[in-house]
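Notes follow the structure.
Nothing in this text is a laboratory measurement; each read-out follows from the coordinates by a stated rule. Computed from a predicted structure; not experimentally measured. Cβ: placed from backbone, ideal geometry, glycine included. Neighbour counts: every protein chain shown.
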Amino acid sequence: MPEIAEVARIVHFLRLHLVGKTIRTASAVDDQIIFGKAGTTGDAVSAALTGRKVISSGSQGKLFWLVLDKAPHVVMHFGMTGWLQIRGVQTSYSSLYRDTDTRVETWPPKYTKFHLTTTCNPAVEVAFTDYRRLARVRLVDCPGADIRSHAPLKENGPDPVQDTDRFTLTYFQSKCRASRAAVKAMLLNQKFISGIGNWVGDEVLFQSRIHPEQRCNHLTDAQTKTLYEVIRYVCQTAVGVLGDSHQFPSDWLFKYRWSKGSENPTLPGGEPLAHVTVGNRTSCYAPRLQKITLDGVPVVVEEEKNKEGVVEEEDGGRQEEKKPAPKGRKRKAEWGSTDMPKPKARRGRRAAVKKTEEEEEEEEEEGVKPSKPVAKRGRKALMR
């Protein structure tokens with residue numbers, strides 16, 4: 001997913017190629033999912049862009065915009081698979097964006113939602129694309145200088161790179177103390193901080209040596225201070241190289257986190273990696289380096305239970321004996337418990353459980369191919 005650094009990259013190209021130019025023509029498809037919020041339509045976007053001069057472009061986390069010489073202005077969000085292409089310019093840079101590669105022969109590109117052409121010679125041609133329709137485009141009717149004071153920008157938290165006056169250590173620590181959420185889920189909350197997505201969240205937690213499931217209100221002041229400083233460091237570094245992962249430091253988790261599905265994922269030195277779902281997203285972390293703590297003291301959690309089945313719980317340090325898993329027919333009564341996994345659904349009368357959109361998006365982002373169901377052989381054959 002395009003996050004703070006990738007959005008900063010696009011704004012860089014917009015300032016380089018589009019700002020200061022007048023738009024001769026603009027057109028958009030009729031897509032109510034992309035444009036359909038707050039009364040925005042494809043026709044309205046086309047009308048707002050046609051004949052207007054682009055005064056400036058900016059970003060706040062994952063949101064970015066074009067300020068025109070006359071309101072309304074255009075605010076955009078890439079979602080999972082959106083991208084902005086400029087004809088003849090390589091705005092993307094890695095295999096992560098192979099589906100949005102700008103080196104195409106046809107124009108406008110496939111999956112274009114709106115595109116525009118400037119009056120200058122040679123003309124600049126820009127296209128906003130999204131093949132999964134998860135992006136959002138909306139018009140904001142306000143003075144250009146006040147765009148961040150209006151929805152949707154005003155509803156989001158401070159940008160950790162640009163808003164140094166708002167994203168302070170005091171602000172960050174107060175939010176952590178007030179939240180009982182898992183720290184990874186809190187970092188993904190755009191109302192708290194703008195721009196942090198899955199890979200940035202994993203990176204800052206790895207660099208801070210904090211477990212993704214760590215509860216925010218159980219962090220010490222020293223841990224929140226470290227996390228705050230690492231957020232600034234990771235975001236500033238990534239934005240500084242315009243999201244070009246080839247220029248990221250060699251010790252970053254980013255270079256090794258796409259190992260979901262491999263048999264024994266590790267860091268180059270042999271440190272094992274693992275994956276856990278937090279906030280509906282798959283998080284990569286190093287279990288031996290990132291421990292759940294209670295007021296700074298590591299505690300044993302379910303994944304580290306000993307052979308006797310004793311578990312030391314995070315919220316109180318008490319121990320609880322785990323009962324052995326039931327066998328045979330008793331499993332039916334235990335499927336709803338936390339000790340037993342639910343059975344895989346059969347095709348036919350019991351329709352197979354469909355993956356959520358978040359799971360599909362995560363698999364695509366992590367490079368994991370979705371598994372295909374095995375054909376049923378006979379009435380009593382089980383799904384494997």
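Determine the gain in length on full extension of the stretch Ala178-Asn264; use 0.36 nm per residue of separation and subtract their C-alpha separation, reporting nm with one decimal.
Between Ala178 and Asn264, full extension yields 27.2 nm more.
Roughly how many nanometres apart are two label points built 7 Å out from the Cα toward the Cβ at His150 and Asn121?
About 3.6 nm, to one decimal.
Can you tally the net charge around Lys225? Count Lys and Arg as +1, Asp and Glu as -1, for every other residue whose Cβ sits under 14 Å from the Cβ of Lys225.
In short, +2.
Just to verify a number: FRET efficiency for Arg288 and Lys255, C-beta to C-beta distance, R0 = 22 Å, to 0.05?
Plugging the Cβ-Cβ distance into 1/(1 + (r/R0)^6) gives 0.70.
Once you have the Kirkwood Rh of region 165-249 from its Cα pairs, apply Stokes-Einstein at 10 °C and 1.306 mPa s and quote D in µm²/s.
122 µm²/s
Along each of its three principal axes, how wide is the spread of alpha-carbon positions in region 1-98, in whole angstrom units, largest first?
Per principal axis, max minus min of the Cα coordinates gives 35, 30, 25 Å.
Suppose each label sits 7 Å from its Cα in the direction of the beta carbon; what would the Ala71-Asn189 distance come out to in nanometres?
The modelled label-to-label distance comes out at 3.1 nm.
Treating the Cα atoms of region 113-176 as identical point scatterers in vacuum, please give the log10 of the normalised Debye intensity I(q)/I(0) at q = 0.19, 0.25, 0.28 Å⁻¹, two decimals.
Log10 of I(q)/I(0), two decimals: -0.97, -1.06, -1.11.
Between beta-carbons, use under 11 Å as the cut-off and find the net charge around Asp30, counting Lys and Arg +1, Asp and Glu -1.
-1
In region 19-73, what is the count of Lys pairs whose alpha carbons are under 19 Å apart, counting only pairs at least 8 residues apart or on separate chains?
Step by step, the pairs that qualify in region 19-73 add up to 4.
Based on the mean of other Cβ atoms within 10 Å per residue, sort peptides 148-154, 55-61 so the most packed one is first.
55-61, 148-154
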